[in-house]
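**Q** Please read through the structure below; I'll follow up with questions.
No value in this document is a laboratory result; all are computed from the given coordinates. Given the structure is predicted, the values throughout are model-derived calculations rather than measurements. Cβ: placed from backbone, ideal geometry, glycine included. Neighbour counts: every protein chain shown.
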Amino acid sequence: MRKTKTYLLLLFLLLLGQGARSQFNPSTVCRVENGIMYFTIDLNWNNTQKKELTRLFDLDSTLLAAVYSGKTEIDLKGAKWEVKKLNSHQVELSKSIRIKPEKTSSSKDVFLVDDRWMNAAGEAERESAVYGVNRFTRISVFRYKESIARFFLPGHKEAKKVFLSGSFNSWSTQQTPMQPCDSGWIIDMKLKPGKYSYKYILDGTWTEDPFNRLTEDDTYGGNNSVVYCYNRIFMLRGHTDAHRVFLAGSFNNWKEEELSMVAVKGNWLISMYLHEGTHTYKFIVDKAWITDPDNKLKRPDGAGNFNSVIEIGQSIVFRLKGFENAKNVILAGDFNGWNTGELFMEKVKDGWQLAYVLGPGNYQYKFIVDGKWMIDPANPNTSGSGEMQNSFLANKSNYLFRLDKFPSAKKVTIAGSFNGWNQDNFIMVQKDGKWTFPIYLKPGKYTYKFIVDGKWIRDPGNDLWEENEYGTGNSVLWIEP
Amino acid sequence: MRFFFRVIGTALFLLFSSGNSHSERIPLIAGPEMNHTIYIPGLRMGNAGPAGEPESVIIPLKRIGRLFMIEAKVDNLVGNFLFDTGSSQLVLNSTYFRKYILMSGVEGGGITGSTGELSRTRVGRLDISGFSYTNLLADVTSLGHIENRRGVKILGLFGASMLKGLEVVIDINHNELRLYRLDKSGNRLSVQKNDFKADVTEKVFICRNVLFVKVKIGGKFLDFCLDTGAESNVISCYASKKVLSTVTILRRSDLLGVGSGESEVFLGKLNDFSLGEHAITNMQTIVTSLGTLSSIYDYPIDGMLGYDFFEQGEISINLVKSEISISFNKTGKS
């Protein structure tokens, strides 16, 4: 019995030892010495541990398989690895560190490493807000009227220079100086409705707006102040005896007591910013949900009731002339996931039409006439070729590519960072000997080239270009906010 | 998506000032810069320091990932300059300054050891928050790849020679760069109270117009250059066994085929790093070869102090006294 216990104890200790040896501690796996990398690998590691090893140290699974099969020299993709046995369960894998400089001049001075290593990506794109309401503690510090935003910073009379810096001016620290006034500093800026983040710069020092409770993390240990320029007022007439009235809708996930309305001269009001698109909503009057009595546009909510509907943005009217004898015509595009059973066009006097609200952007679409797909014959702008050719629509386009040369060219397309350098994606249209293509681009940098009858050229009308890996250069375009 | 760090600037100027055949074609900066002495007290840069009234300025720093930007006006163009002490002088982005080029065909080298074409020009005037510089010598090269990686417009690099005769305080916590004019002894002209309380002060030295400081790793003294344009610390993979045994290797990247060069790089943690008598623990570093750069220098470079170092606290560099002082974050990593 005592012997059995001893055996069991020994077996337990053995298993324990085995387990300990198989532990995977990434910080002890790799070392670098005199230009050589060494990996201490445990032959008892399981598949999960091996996968972690390949993930952390970019090791090829083929290489690891060779190590585990007992090879002592491994030649992989021109690199020579050596495997040395350390003990019964550990081997040491080693190789000289590859030093091979980049040959192209464009990246001669930059060294790339894995982004995940340090979690230090560039300026993150903020998610555009669907809706927003300001939270100033003093009403006078911000006003938005007729597209003019007035920022007022009370006090700080001792400051020599005050600047306003924010997402509206690409966070410029010099381009928007504020003017001194009787009781502080003031600036008027023309802004579109939307969400903006900002800070003041007082004699070089970044400062949050002290009268704005709405902030967001600036990702560098501080906060940016946030302001919304409004584009919508919701109003509910009457109900003067109600105690509390709220607005709730699809834009705020129908949160009941978030958007409180204010009683003003016999009406209940709330001003806010609301992103372009189609939204449904209701008022909540002392906990009773009601539709907007002044808005005739209502749609079923799927539960036997109706919601009020508001559409913000440009309504595009898609038209197809002719085809009077067709049974049905359907609009399908990337804006509705190419759904072929949703957007049935209405038959009108000289053809078919459908109004649809779209936000700013580039869209592709086709008509389906009795099951047969066709591009829009009235729209000269197309994208793609062959069966993949679609009509192209740049809603609220903010840039027009233009090529005044090559009037006799047969085909001119644009390839750039905005379309993955696709040669056939954006096809320019010729009129009066000039080639054009309208497009909507978000603020930022883009590089591109024209392709004239198969020949890639820089934009002769654009002085800005940068070197590329082919030594031919790419045209550079910046879209400002 | 990939993350990159810059270790450039150091290299960009080196060939021009290293007394090799290239520099003979560039008479504009011939003179003291051609000196082969390794340790030179005080900065000896080609460009004059800033002119203008203020004795000190506070420049708001813009952070783009691990890069620091300041806004400057070159003639009539206003935009972002990467604050880059690793670059020895002003560098302009050829995308916006191609027409400024006065001479081209100058070869340049980078940390990855490659060579490319650089050009050179003079800038009439550069303004930055009240300080102005005139008749500046500048390199012109493509910086489009930095723009493309970080999505920000970069007019150029604001290099070390722009700080000549100044004390510069880099305060990441307040996103500020403070510049102070100095007298001949290296004291601030500004009547404002100097409330900078240094935890450690060490000498910096100049090698081929780039700032260096001696650091201690694993008990050994090493020469690291100060590079605000480097998104990470860097240490040579050829450092001694004793030094590298104090670096925990956490990751490796095999960048075969990526347009950044094909050198292998490692991410590590510095376990035994000190500046003067002050230990800094848990700083991260990249481990890779700096051999090519060293050969350009004709001097062994052991490493670079980049973003991981500059986030340790307020850092003052006095270019007249040739000193670096650090007021460490009190609740930080030091």
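**Q** Let me know the Rg and Dmax you get for the range A:212-337 when you use only its Cα atoms, in Å.
**A** 19.5, 65
**Q** Taking the Cα of A:F136, stepping 7 Å toward and past its beta carbon, and measuring to each backbone N in the range A:259-274: which are under 15 Å?
**A** A:271-273
**Q** For the pair A:T205/A:D217, report the inter-label distance in nm, with labels modelled 7 Å from Cα in the Cβ direction.
**A** The answer from the label model is 2.6 nm.
**Q** Give the value in nm², to one decimal: projected area of the alpha carbon convex hull of the range A:165-214, averaged over all directions.
**A** 4.0 nm²
**Q** List the trypsin sites (Lys or Arg not before Pro) in the range A:158-221 that DSSP assigns to loop (not H, G, I, E or B) and whose Cβ has at most 13 other Cβ atoms within 10 Å. Which are they?
**A** In loop regions of the range A:158-221 (DSSP not H, G, I, E or B), the sparsely surrounded trypsin sites (Lys or Arg not before Pro) are A:K160, A:R213.
**Q** What percent of all Cα-Cα pairs in the range A:131-229 falls into each 5 Å bin, going from 0 up to the bin containing the maximum distance?
**A** Reading upward from the zero bin: 3, 14, 25, 28, 21, 8, 1, 0.
**Q** Moving on to the next point. By Kyte-Doolittle mean hydropathy of at least -1.0 and Cα axial length of at least 27 Å, which whole DSSP H helices of chain A are selected?
**A** Helices passing the filter in chain A: A:2-21.
**Q** Starting from the Cα-Cα distance between A:K145 and A:D334, subtract it from 0.36 nm times their residue separation and give me the gain in nm to one decimal.
**A** Result for the pair: 64.5 nm of gain on full extension.
**Q** If r is the Cβ-Cβ distance from B:S245 to A:K84 and R0 is 22 Å, what FRET efficiency results, to the nearest 0.05?
**A** It comes to 0.75.
**Q** What ranking of B:L82, A:L477 emerges when the number of other C-beta atoms within 10 Å of each C-beta is taken as an exposure proxy, fewest first?
**A** Going from least to most buried by this count: A:L477, B:L82.
**Q** With N set to the number of residues, divide the alpha-carbon radius of gyration of the range B:200-328 by 2.2 N^0.38 Å and report two decimals.
**A** 1.03
**Q** Sort A:130-137, B:61-68 by packing, meaning the average of other beta carbons within 10 Å per residue, with the highest value first.
**A** B:61-68, A:130-137
**Q** Okay, moving on. Does the range A:294-385 classify as rounded, prolate or oblate by the C-alpha gyration tensor (a ≥ b ≥ c root eigenvalues; a/c under 1.5 gives rounded; else a/b over b/c gives prolate, otherwise oblate)?
**A** It comes out prolate by the Cα gyration axes.
**Q** Estimate the FRET efficiency between A:E387 and A:D453 by the formula 1/(1 + (r/R0)^6), using the beta-carbon distance for r and 25 Å for R0, to the nearest 0.05.
**A** With a Förster radius of 25 Å, E is 0.65.
**Q** For the range A:386-481, I need the span (max minus min coordinate) of the C-alpha atoms along each principal axis, in Å, sorted largest to smallest.
**A** Computed over the Cα atoms, the extents are 31, 30, 27 Å.
**Q** Counting only other chains, and only Cβ atoms inside 10 Å, what mean value do you get across the residues of B:135-144?
**A** For peptide B:135-144, the averaged partner shielding equals 3.
**Q** Need one value for B:58-71: mean number of C-beta atoms belonging to other chains within 10 Å of its residues' C-beta atoms.
**A** Taking the mean over all residues of the peptide, I get 5.
**Q** Under the 0.36 nm per residue contour assumption, what length would be gained going from the current alpha-carbon distance of A:F344 and A:W373 to full extension?
**A** 9.1 nm
**Q** Using a cut-off of 17 Å between alpha-carbon atoms, which lysines can reach B:K216, once sequence neighbours fewer than 8 places away in the same chain are excluded?
**A** Of all the lysines, those that pass the test against B:K216 - Cα under 17 Å, at least 8 places apart if same chain - are B:K203, B:K241, B:K242, B:K269.
**Q** Need one number: the % of Cα-Cα pairs in the range A:21-96 sitting beyond the 19 Å mark.
**A** Tail of P(r) above 19 Å: 27 percent of Cα pairs.
**Q** Per-residue mean of other chain beta-carbon atoms within 10 angstrom of the beta-carbon, peptide B:146-154?
**A** 6
**Q** Students often check this: by mean Cβ neighbours within 10 Å, which of B:150-158, B:195-203 ranks highest, and how do the rest follow?
**A** With the highest mean Cβ count within 10 Å placed first, the list reads B:150-158, B:195-203.
**Q** Among B:D223, A:D60, B:D75, what is the fewest-to-most ranking by other Cβ atoms within 10 Å?
**A** Lowest to highest Cβ neighbour count: B:D75, A:D60, B:D223.
**Q** If you don't mind, there's one more thing I want to ask. If you average the alpha carbon positions of the range A:445-481 and of the range A:206-245, how far apart do those two centres end up, in angstrom?
**A** Spelled out, the Cα-based centre of one part sits 42 Å from the other.
**Q** Which whole-percent values make up P(r) of chain A when all C-alpha to C-alpha distances are grouped in 10 Å steps starting at zero?
**A** 3, 12, 15, 17, 18, 16, 11, 5, 2, 0, 0
**Q** Grab the DSSP H runs of chain A that are 4 residues or longer, score each as -39,500 (n - 2.57), total them, divide by all residues and round the 222 nm result to the nearest 500 deg cm²/dmol.
**A** Computed ellipticity for chain A at 222 nm equals -2500 deg cm²/dmol.
**Q** Suppose R0 equals 41 Å. What FRET efficiency, 1/(1 + (r/R0)^6) with r the Cβ-Cβ distance, do A:E33 and A:I479 give to the nearest 0.05?
**A** The value I calculate is 0.25.
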